[in-house]
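The values are calculated or read from the model by the stated rules, or taken from the named source; none is laboratory data. Quick caveat, the model's predicted, so the values are computed rather than measured. All Cβ positions, glycine included, derive from the backbone under ideal geometry; neighbour counts span all protein chains shown. Note: areas computed on protein heavy atoms with side chains; ligands, DNA, RNA excluded. Shrake-Rupley method; radii C 1.70, N 1.55, O 1.52, S 1.80 Å.
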Amino acid sequence: MIQVLANSLVPVFVGLLFGYAAGLLKVVDNKDVRSLVSFLMTFALPCSLFVAIARTPRQLLWGQAKGALVLAIVFVVVFVATYYASRNLGKDTAANSAVLALTLGFPNHAGVGIPLLLAVYGPEASVTVAVGLAVGAITITPVTLAILESGTSAGRALSPAARIRVSLVRAVQKPVFWAPVLGVVTSRGRAPHANLS
């Protein structure tokens, strides 16, 4: 197990060190980080998740339903607890509290989950990562965006329910959400039939 974890963690940390060294040597700067993140979240990650899920048998995908429910509960509970603590105990602003709650409540599945889970559990683990990303994208991410939008002049014109609805629609339109869903639709095999006996 130690060797499996080392094989998955060492490349992550070596990549981080190379990035840090590239920044120190001025090979890259932080001006283009937004473009890199946009490319990752709009093209690279959705394509990777689509391929992983589309190659997965539907029976395995249907088996992720309970895990998705557990993830949704954990994400929401951690988000609410962190937001409450930040607002009431830390006396922070709504926007800062929402960002902190999202950071703690929705871990970095894409950056850490994929290399670790793939190394330990194999290709099937990418389905779990995709489910986690989709669950986070439709639960606490829209709430965070709605809270952030409430601080803008356009956001103040909308009711809280309308802000959440608009944020949810935007989240569902993101490729990182609909690419895994498209992967489920095109996955191999047949969906399991309900046992009627």
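Of Ser48, Ser153, which has the most accessible area with a 1.4 Å probe, and how do the rest follow in descending order?
Correct descending sequence by accessible area is Ser153, Ser48.
Which order do Arg163, Arg87 take when ranked by solvent-accessible area (1.4 Å probe, heavy atoms of all protein chains), largest first?
Order by accessible area, largest first: Arg87, Arg163.
Convert each backbone phi in segment 19-28 into a coupling constant with the Karplus relation 6.51 cos²θ - 1.76 cosθ + 1.60 (shift: θ = phi - 60°), then list the ³J(HN,Hα) values in order as whole Hz, x for Gly and Pro.
x, 5, 5, 5, x, 5, 7, 6, 6, 10
Keeping all protein chains in the complex and leaving out DNA, RNA and ligands, what accessible area do you get for Trp62 with a 1.4 Å probe, in Å² to the nearest 10?
That residue has around 150 Å² of solvent-accessible surface.
With a/c under 1.5 counting as rounded, go ahead and sort segment 34-145 into rounded, prolate or oblate using the C-alpha gyration tensor (a ≥ b ≥ c being the square roots of the eigenvalues; past the cut-off, prolate if a/b is larger than b/c, else oblate).
It is prolate, given that a/c is not under 1.5 and a/b is the larger ratio.
With a 1.4 Å probe and every protein chain left in place, tell me how much accessible area Asp92 has, in Å² to the nearest 10.
About 60 Å², ignoring ligands and nucleic acids.
Divide, for segment 52-112, the radius of gyration over alpha carbons by 2.2 N^0.38 Å, where N is the residue count.
1.49
Leaving ligands, DNA and RNA out of it, rank Tyr20, Tyr83 by accessible area with a 1.4 Å probe, largest first.
Largest to smallest exposure gives the sequence Tyr20, Tyr83.
What is the distance in Å between the Cα centres of segment 45-99 and segment 132-173?
A separation of 15 Å, based on Cα centres.
With r as the distance between the Cβ atoms of Thr93 and Gln59 and R0 = 45 Å, compute the FRET efficiency 1/(1 + (r/R0)^6) and round to 0.05.
For Gln59 and Thr93, the calculated efficiency is 0.45.
Expressed in whole Å with the largest first, what are the equivalent ellipsoid semi-axes of segment 10-53 derived from the C-alpha gyration tensor as the square root of 5 times each eigenvalue?
In descending order the semi-axes read 25, 15, 5 Å.
Not counting ligands, DNA or RNA, and with a 1.4 Å probe, what is Leu148's accessible surface area in Å² rounded to the nearest 10?
70 Å²
If I take R0 = 25 Å and measure r between the Cβ atoms of Ser38 and Thr103 in this structure, what FRET efficiency does the formula 1/(1 + (r/R0)^6) give, to the nearest 0.05?
Between Ser38 and Thr103 the formula returns 0.85.
Which whole number in µm²/s is D for segment 40-82 by Stokes-Einstein, with the Kirkwood Rh taken over Cα pairs at 20 °C and 1.002 mPa s?
My calculation gives 174 µm²/s for D.
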